[in-house]
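Report on one structure; see the data block that follows.
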There are 4 protein chains.
Amino acid sequence: MSRRLRLGMVGGGRGAFIGAVHRMAARLDDRYELVAGVFSSDAQRSRDSGADLLLDPRRSYASVDEMVRAESARADRIDVAAIVTPNHLHHVGAKKFLEAGCHVICDKPLTTTVADASDLVSSADRAQRVLAVTYNYSGYPLVRQAKEMIAAGELGELRLVQVEYAQDWLTTALEAAGQKQASWRTDPQQSGVAGSVGDIGTHAFHLAEFVSGLRVAQLAADLSTHVAGRKLDDNAQMLLRFANGARGSLWATQIAPGNENGLRLRIYGAKGGLEWSQEEPNHLRHAPYGQPPRVIARGGPGATPLATSATRIPSGHPEGYLEAFAQLYRDIADLIAAYDAKTSPPAGALLVPMGKDGLRGVQFVHAAVESSRRDAAWIKLAS
Amino acid sequence: MSRRLRLGMVGGGRGAFIGAVHRMAARLDDRYELVAGVFSSDAQRSRDSGADLLLDPRRSYASVDEMVRAESARADRIDVAAIVTPNHLHHVGAKKFLEAGCHVICDKPLTTTVADASDLVSSADRAQRVLAVTYNYSGYPLVRQAKEMIAAGELGELRLVQVEYAQDWLTTALEAAGQKQASWRTDPQQSGVAGSVGDIGTHAFHLAEFVSGLRVAQLAADLSTHVAGRKLDDNAQMLLRFANGARGSLWATQIAPGNENGLRLRIYGAKGGLEWSQEEPNHLRHAPYGQPPRVIARGGPGATPLATSATRIPSGHPEGYLEAFAQLYRDIADLIAAYDAKTSPPAGALLVPMGKDGLRGVQFVHAAVESSRRDAAWIKLAS
Amino acid sequence: MSRRLRLGMVGGGRGAFIGAVHRMAARLDDRYELVAGVFSSDAQRSRDSGADLLLDPRRSYASVDEMVRAESARADRIDVAAIVTPNHLHHVGAKKFLEAGCHVICDKPLTTTVADASDLVSSADRAQRVLAVTYNYSGYPLVRQAKEMIAAGELGELRLVQVEYAQDWLTTALEAAGQKQASWRTDPQQSGVAGSVGDIGTHAFHLAEFVSGLRVAQLAADLSTHVAGRKLDDNAQMLLRFANGARGSLWATQIAPGNENGLRLRIYGAKGGLEWSQEEPNHLRHAPYGQPPRVIARGGPGATPLATSATRIPSGHPEGYLEAFAQLYRDIADLIAAYDAKTSPPAGALLVPMGKDGLRGVQFVHAAVESSRRDAAWIKLAS
Amino acid sequence: MSRRLRLGMVGGGRGAFIGAVHRMAARLDDRYELVAGVFSSDAQRSRDSGADLLLDPRRSYASVDEMVRAESARADRIDVAAIVTPNHLHHVGAKKFLEAGCHVICDKPLTTTVADASDLVSSADRAQRVLAVTYNYSGYPLVRQAKEMIAAGELGELRLVQVEYAQDWLTTALEAAGQKQASWRTDPQQSGVAGSVGDIGTHAFHLAEFVSGLRVAQLAADLSTHVAGRKLDDNAQMLLRFANGARGSLWATQIAPGNENGLRLRIYGAKGGLEWSQEEPNHLRHAPYGQPPRVIARGGPGATPLATSATRIPSGHPEGYLEAFAQLYRDIADLIAAYDAKTSPPAGALLVPMGKDGLRGVQFVHAAVESSRRDAAWIKLAS
């Protein structure tokens, strides 16, 4: 590596959650330097956020248009833009940067409509730029280990995939109290057609397909809203049928008290089972049928190559959410380097969720909403 | 208590699993003495089993008819008969003992058809005898504590009920290898219309309704069979809708490697959540919304009256499956005493699953099978 | 087995804890019937307790002397006496029954003095009767599995043995409030020279030697009392040196809030480690060095012969404290049968803690007390 | 904050573990930029490492002397030097930077002799510079929460402190195989008088005193070496007596198979207990006596101010080792800012382990070694 990538950001001003996460993730492995951003549509607020971040004040912009124009004129213009706004602004922001020749890292769900997601995929293709989507849980080393073990046939033919993502932070009507994170996520104008399904269901869906290597062929979903006055679903139960005949279920909820960020995946095949939980990400349970289950530690005995390359410190020294997020950033840097040099990226970089994965997530959201509207009828997903 | 109840048994000969469990359960609290039985339809085998159990050889019978006739003629005849055969023999056995004036303890599922189950409920009503069904997981102290806490409103209005029961012992075609437990459970002639749904799904369903106090109004089920040659389902995913508007899901499987006997219940309301797992039955997790979760120990601080009355030893001294099973036997003894004395039974005895609960379980099995046949259409359950 | 052993009991009247445990343990596997007892030194109270237990009123006695005399005169006299009184009464009771030709099952610590313990061992030898000591934790199947694995060399040469037994029930001065269990255990007249060391330290010490197969050669102990007014230790820390050069530590406390009955053993050798906790007794963690740790389930894959023979129900159906206690009773029944028939007992029966183990426990208690009096000087234990 | 602190590093070249950790920790919160270093005593290797880190080649030095001289001549000279070499080089490196007016961040143990540690404390005092010691486990939010809760009296008078630090990576003679980390840690010339006691025992000791707020008054230690040919201890058991009368024990080992990085602290007082384990750092168990234990989540309900200020992301999004390490770096930045501005540092910065804490750690190491040489005699620690 001869220099750090120059990173710009859209969103993530003072008080934002995910913008700060993206910045820490970008810093951890020292592959990026943040140099520019639109941190707010209010010019002064954007400048204030930029100042907090020690940015050159001239590179704190008040709009994407302004930023694209000004950066394009610079020799040291940004290489990559991170889009970390509420969902409804993803499409417009990502598209402009792609068209300006920037690589783009976009938060999930990629867009609020399927058409917009398709459009972004096309834009990235035309521009020959990276369009990465931060399904960040795929960055955990043991998630990758699970994927590798399954691909290597260690579980045999897969039969069952159980995935769930349970939180409790929307148990009460936080949005009515003006809490910023809750407000936009429960507002159809900003969040899109779904609440919990879009916010966390997409993570669960991606994780299930990513690790299993299977494709969901059909789903039957029952979405519900349990908090009075809420406009979008805060709970969703789904039946899943996979293309290979495996069955499964997906549960996403934001109203289950006692669940902080309970993303949990369990996959079973004819020869064994794997279980992983995001809240205890440093261990993976592997039960070969007919043998005692093993507890595989990140960085410990039995680690696979992709898992090993996605970790920084020895086993027993816990890594967490930020490290997994940083892993995507590291892999994206490798991917960008390969794009720019027109070489083959390393294996880890091929795991980065891309525009097509973002599109699939948006298709999943719309299929779930449609199924639920039709009383949990089966809806087919594109194969 | 002036004497032990005299117990007869149908089924449970050498090599049987659940018959031995019933006997240990009956012994633990010293409220019964086993005095008679039909342990096999082969007269010599029945006698051999009786001899193992130190029974009077004249009271080891070769058929239910013989046993009913002979016991009825004795002054010291049995008070109660435990029916622990494969499912298809429950109805005929239970009915004869009820009609002979015996109380009956029957394993689950109560029968293989709804009509048979209804018939047994009527028989018990006519005979004014106890017809108890061993949904044994309801005997765990902390299951009862959960029920009491919910009834007392500690979770607020309930919103979500997630129940699952995962095993792995049928991951391969054990029935093809002649394993006795597997053979009858996967044989429609002996097990009825369902496999995993009847064998373990009924436990999960009863537990969910028992603890929540809610009634499932509708279910949509996707049953599947993953082991080649198997005749009944070995996996089932269901969506649940409860009468009060709560949602939930039920998962029952016998092919998930690494799961021994994973019955797990999670219930969430507007004010808090409760989680309990059968494999770690001595602790109950209670998460009051907005406070740190508490880990309530069986016999420890915070125990409710029904939980306290259902335990034998101090916290930290683990109780398990047999103690929970024994609790049903103890409660049934209290219930029989109350029936016989025409008095009110103690509170614990009112928790005993009865014929009507057994009937509901059979209705659940048939609803699940019907839903699955109709591609997971919603099926209403009787309210 | 042609008949049940006739069991008499000394102690264990209304309100007692351990007496009730012994009775449930004796019942579970149906190898005993309780027929006689001295449940209290008050004749009426003893009779009342006997009546609760459905005993023949003539066999509820008011003193050991009376019981020995009357039972000796009966054709159906007791085979075995269980001594479940406070510690200071063990010696006199056990001795009289041994001399009368009864087998004896005695709670731990065996006696309050080393001389008394030696005397009992001699008495049993002279009488050629079983003198079993209920170090009940050795009855857990996975404790036995650990012992077998170590004996088979699976850990290699042992290096470290860490054992601890933490409780919290004496965090406050319960004895000052008249709580019966606390009162005698903290009274030197009834408990002997030690508090926590005798009550639970002896269990920890026995478990460590039983499983490891090693002998403690020296110990250095620091006993302390933290509750005002308490007369005996409520906490003890010890350094251990084993005869083979292994090192270890032992911690016993009854004042650690949040610990219910936390007996935990960890053993490490050159080739691997084993960890077991009494509060989660159905799993044993085995870490072969350089491989992922395995979680061995009671009754599951990898179970050793002695573990398998010490369990009743399949894995995933938790067994607990009572089953482990019952295992000792079952093994003792086998041992008595072998004594009486002058045959070799089965392997499990050879694991029963006997008088010599009880003696060693008393030696341990006195060594710990002496070490602590000498400011944690090293004290040698008999080899 | 108007600019990032300029950081120099001594040690931490290619292949080093802890140097890379320090750099990630320094980056995470963006308070530092690495600008200079002596990454190896070999000039070319130092430059290569510097190039990996995108440093100006002129600022990759071959010796501390060269670095001090060159940096002192620059207007943009380093503000702070991180010393991450093997132990025996800490003193000389730290002293030169302190004397040159740099703040210093030094790894633990601070030095190999008590005299050297005292000397560094004096040097820092004279220079009026920060001398911080990276007892990094004190940076975990819930460690700080535990400290705050205890200081607030939530446990009442403390009675027991159990601390342990178990690893397994030195189970075999890695040093004989040339493994770099093992080689210097087991070499008295580089590591000092102790092996496991210095490497991890010092962490355990600091954690116990940091959280409890107590001081160890005396210790009795039994150090042992279990791997043939090893020159320093690989296991240590200690009895602890605290100044207030509390008792405890400390266990440090690097040969316990199945233990990755098992630092665990348990503290008990008259009113409750706290338990924390480094491998599951996002939860703290609090057992108020007589109430069910609570599981306090990092960032969740019940978080104290210092815990909240030491975390970056919401509960359920695990933070780990790097975040805790980064917390020290963040706090040190605040402390340096306060030193430079001669203002009061924020509360978190007052928790940074300083030279005096490093000195105490070295005193602890030497006391443990002396005690063990005297057959575990009690050794007093300075009060």
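The values are calculated or read from the model by the stated rules, or taken from the named source; none is laboratory data. Since this is a predicted model, take the numbers as computed values, not measurements. Virtual Cβ from ideal backbone geometry, glycine too; neighbours counted across all protein chains shown.
B:GLY290 meets each of the listed conditions (1) farther than 30 Å from A:ALA256 by Cβ; (2) within 14 Å of chain A (Cβ to nearest Cβ) apart from (1). Note on the stretch C:41-72: among residues that are touching a residue at least 40 places away in the same chain (Cβ under 8 Å) and of a type in the set (A, V, I, L, M, F, W, C), the one that is farthest from C:ILE18 (Cα to Cα) is C:MET67. Given the criterion touching a Cys at 6+ places or on another chain (Cβ under 7 Å) and either within 14 Å of another protein chain (Cβ to nearest Cβ) or more than 29 Å from B:THR304 (Cβ to Cβ) (or both), identify the matching residue among B:ARG159, B:ARG77, B:ARG129. Result of the check over B:ARG159, B:ARG77, B:ARG129: B:ARG129.
May I ask you to say which residue of C:SER63, C:SER49 is within 14 Å of chain B (Cβ to nearest Cβ) and either of a type in the set (S, T, N, Q) or in contact with a Ser or Thr (Cβ under 9 Å, 6 or more places away or on another chain) (or both)? Working first, answer last.
Details: C:SER63 fails: within 14 Å of chain B (Cβ to nearest Cβ).
Criteria check complete, one pass: C:SER49.
Give A:PRO281, A:PRO288, A:PRO257 a once-over and let me know the one that is in contact with a helix residue (DSSP H, G or I) (Cβ under 7 Å, 6 or more places away or on another chain) and touching a residue at least 12 places away in the same chain (Cβ under 8 Å).
Working: A:PRO288 fails: in contact with a helix residue (DSSP H, G or I) (Cβ under 7 Å, 6 or more places away or on another chain); A:PRO257 fails: in contact with a helix residue (DSSP H, G or I) (Cβ under 7 Å, 6 or more places away or on another chain).
Sole residue among the options that is in contact with a helix residue (DSSP H, G or I) (Cβ under 7 Å, 6 or more places away or on another chain) and touching a residue at least 12 places away in the same chain (Cβ under 8 Å): A:PRO281.
For C:ALA43, the stated conditions do not hold, so it cannot be described as of a type in the set (A, V, I, L, M, F, W, C), under 22 Å from B:ALA326 (Cα atoms) and more than 10 Å from chain B (Cβ to nearest Cβ).
The residues in the stretch C:20-40 that are among the small types (Gly, Ala, Ser), modelled with pLDDT of 95 or more and within 14 Å of C:PRO86 (Cβ to Cβ) can be counted, and the count is 0.
Specify the residue that is farthest from B:HIS22 (Cα to Cα); the eligible residues are those in the stretch C:307-362 that are more than 14 Å from chain B (Cβ to nearest Cβ) and charged (D, E, K, R). Selected residue: C:ARG360.
If you check A:GLN167, A:GLN181 for being assigned by TED's automatic domain parsing to the domain that holds A:ALA208, surrounded by fewer than 20 Cβ atoms within 10 Å (Cβ to Cβ) and under 19 Å from the mean Cα position of the chain (by Cα), only one passes: A:GLN181. Of the residues A:LEU306, A:LEU328, A:LEU274, the single one that is within 24 Å of B:ASP168 (Cβ to Cβ) and either touching a residue at least 60 places away in the same chain (Cβ under 8 Å) or not assigned by TED's automatic domain parsing to the domain that holds A:ALA236 (or both) is A:LEU274.
Hey, could you check the stretch A:124-139 for residues that are assigned to a helix (DSSP H, G or I) and not acidic (Asp, Glu) and say which is surrounded by the fewest Cβ atoms within 10 Å (Cβ to Cβ)? If we take residues in the stretch A:124-139 being assigned to a helix (DSSP H, G or I) and not acidic (Asp, Glu), then A:ARG126 is surrounded by the fewest Cβ atoms within 10 Å (Cβ to Cβ).
Quick check on A:TYR321: is it over 27 Å from C:PRO292 (Cα atoms), in contact (Cβ under 8 Å) with a residue 40 or more places away in the chain, not assigned by TED's automatic domain parsing to the domain that holds A:ARG126 and not aliphatic (A, V, I, L, M)? No; evaluated as a whole, the condition is false for this residue. Residues satisfying the criterion are present in the stretch D:112-123 (criterion: part of a loop (DSSP other than H, G, I, E, B), surrounded by 24 or more Cβ atoms within 10 Å (Cβ to Cβ) and out of contact with any Cys (no Cβ under 6 Å at 6 or more places or on another chain)).
Filtering the stretch D:38-78 to residues that are buried (at least 24 other Cβ atoms within 10 Å of the Cβ) and not in a helix (DSSP H, G or I) leaves D:VAL38, D:PHE39, D:SER60, D:TYR61, D:ILE78. When each of B:ALA43, B:ALA75 is tested for being among the small types (Gly, Ala, Ser) and at pLDDT 95 or above, the lone residue that passes is B:ALA75. Of all residues in the stretch B:250-257, none are surrounded by fewer than 24 Cβ atoms within 10 Å (Cβ to Cβ) and either at pLDDT below 95 or more than 8 Å from chain A (Cβ to nearest Cβ) (or both). Listed here are the helices (runs of 4 or more DSSP H) enclosed by the stretch D:292-383 that have at least 2 residues being of a type outside the set (S, T, N, Q), more than 17 Å from D:GLN145 (Cβ to Cβ) and under 15 Å from the mean Cα position of the chain (by Cα): D:321-341, D:355-373.
If you go through the stretch A:89-111 and keep only what is closer than 24 Å to A:LEU207 by Cα and assigned to a loop (DSSP other than H, G, I, E, B), you end up with A:ASP107, A:LYS108, A:PRO109, A:LEU110, A:THR111.
Within 12 Å of another protein chain (Cβ to nearest Cβ) and either in a helix (DSSP H, G or I) or surrounded by 20 or more Cβ atoms within 10 Å (Cβ to Cβ) (or both): does that describe D:ARG27? Criteria met by D:ARG27. The set of residues from the stretch A:73-114 being free of Cβ contacts under 8 Å to residues at least 24 places away in the same chain and polar (S, T, N, Q) is empty.
For the stretch A:230-247, indicate whether the set of residues that are closer than 20 Å to A:TRP169 by Cα and aliphatic (A, V, I, L, M) is non-empty. For the stretch A:230-247, residues closer than 20 Å to A:TRP169 by Cα and aliphatic (A, V, I, L, M): present.
Only a single criterion out of (1) more than 10 Å from chain A (Cβ to nearest Cβ); (2) within 16 Å of D:CYS106 (Cα to Cα); (3) assigned to a helix (DSSP H, G or I); (4) small (Gly, Ala, Ser) is not satisfied by D:ALA16, namely (3). Count of the stretch A:258-275 residues, restricted to those that are within 11 Å of chain B (Cβ to nearest Cβ) and hydrophobic (A, V, I, L, M, F, W, C), is 3. Of the residues D:VAL104, D:VAL84, the single one that is closer than 23 Å to D:GLN179 by Cα, of a type in the set (A, V, I, L, M) and not assigned by TED's automatic domain parsing to the domain that holds D:VAL193 is D:VAL84.
Checking each residue of the stretch C:206-227 against the condition of being of a type in the set (Ser, Thr, Tyr), farther than 28 Å from C:ALA307 by Cβ and modelled with pLDDT of 95 or more gives at least one match.
When restricted to residues that are assigned to a strand (DSSP E or B) and within 7 Å of another protein chain (Cβ to nearest Cβ), the stretch C:276-287 contains 2.
Considered as a group, the residues in the stretch B:1-19 that are modelled with pLDDT under 95 and of a type in the set (A, V, I, L, M, F, W, C) include one that is surrounded by the most Cβ atoms within 10 Å (Cβ to Cβ), and that residue is B:ILE18.
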